[in-house]
Structures are given as C-alpha cells and as structure tokens.
1. Looking at segment 129-136, can you tell me whether even one residue there is open to solvent by less than 90 Å² (accessible area, probe 1.4 Å) and modelled with pLDDT of 90 or more?
2. Return yes when T112 is polar (S, T, N, Q) and modelled with pLDDT of 90 or more and no when it is not.
3. Those residues that are at pLDDT below 90 and surrounded by 10 or more Cβ atoms within 10 Å (Cβ to Cβ), I need them from segment 148-160; list them, please.
4. For A145, are the conditions met, namely being modelled with pLDDT under 90, of a type in the set (A, V, I, L, M) and more than 41 Å from the chain's Cα centre (by Cα)?
5. Just wondering, is there one or more residues in segment 67-80 that are at pLDDT 80 or above, over 44 Å from the mean Cα position of the chain (by Cα) and either of a type in the set (D, E) or part of a helix (DSSP H, G or I) (or both)?
6. Which condition number in (1) on the phi > 0 side of the Ramachandran plot; (2) surrounded by 10 or more Cβ atoms within 10 Å (Cβ to Cβ) is the one that L74 fails?
7. Give all pairs with beta carbons closer than 7 Å in which a residue from segment 109-134 that is free of Cβ contacts under 8 Å to residues at least 24 places away in the same chain meets a residue that is in a strand (DSSP E or B) and surrounded by 10 or more Cβ atoms within 10 Å (Cβ to Cβ); count only pairs at least 6 apart in sequence or on separate chains.
Amino acid sequence: ATIGSRPANSLRASTKDATAQAQEKRRQAIELAERRKGEGRGQAGRRGVELVRLTQEEILAEAAQTEIINRASLEQMLRVEEEKRKVVVRDRRTSGPRVVTKSTREGDSVRTYVTFTDGPLPPAIDDVAPDYPPQVKCAVTGQPARYFDPASRSPYATLEAFRTLRGERRVRPSAS
C-alpha cells in the first residue's frame with residue numbers, strides 16, 4: 001500500500017536526517033566518555049597525592065612553621081578587631097528634653113519609673129481620665145449587651161434576644 005507517492009513503511013527525508021544526526025551525537029558522546037575514562041586511568045599516578053611518611057623531626061619542624069603562621073594571623077586579626085572597636089565608639093549625648101524609664105524588681109512585682117528631663121511636663125499628665133462610656137443594654141431584655149447585630153444595629157445579650165430582633169420564632173423541641 002502506498003500513501004500519496006511514497007510506500008507506507010518509508011520515512012520522510014527530514015526524519016531520516018534527524019535520526020542520523022541523533023545517532024552521530026550519541027556516538028560522539030560515547031567516544032568522549034571512553035576517552036575520558038582512559039585519560040583518568042593513565043593519569044592516576046600523576047594526579048594523585050603521593051603519601052610520604054614524615055619523620056618525627058620533620059613533623060615537629062612543620063608544626064613550628066604552622067605555629068609561626070598562626071601567631072602572625074592571630075596578631076593581625078586582633079589588630080583589626082581593636083581598630084574596629086575604636087571606630088565603633090560614638091558619643092551618644094542628646095540635647096533637649098528626654099523621657100527616661102527605669103524598671104526595678106521588688107519581690108514578685110516590677111515597678112517602672114518614668115522621668116522627664118530637661119523640659120516641661122506634658123500637660124496631659126495632670127488631666128483626669130475620662131469616664132467610662134455607659135454600658136450598653138440589650139434592646140430586648142435590658143441586660144448588659146455582649147453582642148451587636150449588624151443587620152438591625154441593635155445590641156443584644158442572648159440567643160433568644162437575637163432571634164427576637166431578627167423576627168425568627170423557633171420552637172425548641174421538648175426533651176421527652
């Protein structure tokens with residue numbers, strides 16, 4: 001059977017080209033991997049670290065050199081830290097009025113002192129606190145209201161008062 005002008009089992013030329021390119025890429029990747037493996041084996045002796053047993057005298061000489069290097073590094077680090085400490089010191093004097101607070105523990109309680117320095121006291125300190133607002137009462141029962149209905153804009157105290165405000169009448173099932 002033929003499809004159009006070509007047989008049914010044949011491929012388009014572009015498909016054949018793409019397949020050939022993919023196979024060539026795979027072949028090159030495999031060759032590269034094999035070359036790298038071969039290079040790795042051949043250079044193992046050259047690249048690797050050769051371990052040499054040091055004598056006690058050589059170990060002590062190396063330790064003495066390391067100590068000298070470490071001491072120099074420590075001295076340099078301490079100099080840098082000392083310079084930083086000198087730079088960070090700032091004059092924290094303030095001018096003008098301030099509020100200073102100090103807390104002290106007396107037994108189980110903590111007492112905080114507030115001191116106003118270098119200026120007049122704020123006039124609000126001598127003011128008397130305003131009275132508490134009157135307690136809102138339930139629109140239905142007259143009890144102190146704990147809730148507020150946003151739909152009717154009325155305060156209420158109980159569920160029954162809420163249902164009354166909303167106009168709902170539910171009959172509770174009897175406990176029989």
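The values are calculated or read from the model by the stated rules, or taken from the named source; none is laboratory data. The model shown is predicted, which means the values in this text are computed figures rather than measured ones. Positions of Cβ are backbone-derived with ideal geometry, glycine not excepted, and every protein chain shown enters the neighbour counts. Surface areas here come from the heavy atoms of the whole protein model, side chains and all, with no ligands, DNA or RNA. Shrake-Rupley method; radii C 1.70, N 1.55, O 1.52, S 1.80 Å.
1. The first filter runs over segment 129-136 and keeps only residues open to solvent by less than 90 Å² (accessible area, probe 1.4 Å), leaving 129, 136.
From what is left, the residues that are modelled with pLDDT of 90 or more are 136.
Yes, there is a match, as at least one residue in segment 129-136 is open to solvent by less than 90 Å² (accessible area, probe 1.4 Å) and modelled with pLDDT of 90 or more.
2. Numbers: polar (S, T, N, Q): yes; modelled with pLDDT of 90 or more: yes.
Judged against the criteria, T112 is a match.
3. If the condition is that a residue be at pLDDT below 90 and surrounded by 10 or more Cβ atoms within 10 Å (Cβ to Cβ), then S152 is the only one that fits.
4. Numbers: modelled with pLDDT under 90: no; of a type in the set (A, V, I, L, M): yes; more than 41 Å from the chain's Cα centre (by Cα): yes.
Criteria not met by A145.
5. The first filter runs over segment 67-80 and keeps only residues at pLDDT 80 or above, leaving 67-80.
With over 44 Å from the mean Cα position of the chain (by Cα) added as a condition, the list becomes none.
No, segment 67-80 contains no residue that is at pLDDT 80 or above, over 44 Å from the mean Cα position of the chain (by Cα) and either of a type in the set (D, E) or part of a helix (DSSP H, G or I) (or both).
6. (1)
7. V114/V99; F116/V99; T117/R98; D118/R98
Quick grid of which residues meet (1) outside any helix (DSSP H, G or I); (2) surrounded by fewer than 10 Cβ atoms within 10 Å (Cβ to Cβ); (3) modelled with pLDDT of 90 or more; (4) among the polar types (S, T, N, Q):
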position: R27; (1), (2), (3), (4): no, no, yes, no
position: G40; (1), (2), (3), (4): no, no, no, no
position: G45; (1), (2), (3), (4): no, yes, no, no
position: R53; (1), (2), (3), (4): yes, yes, no, no
position: E62; (1), (2), (3), (4): no, no, yes, no
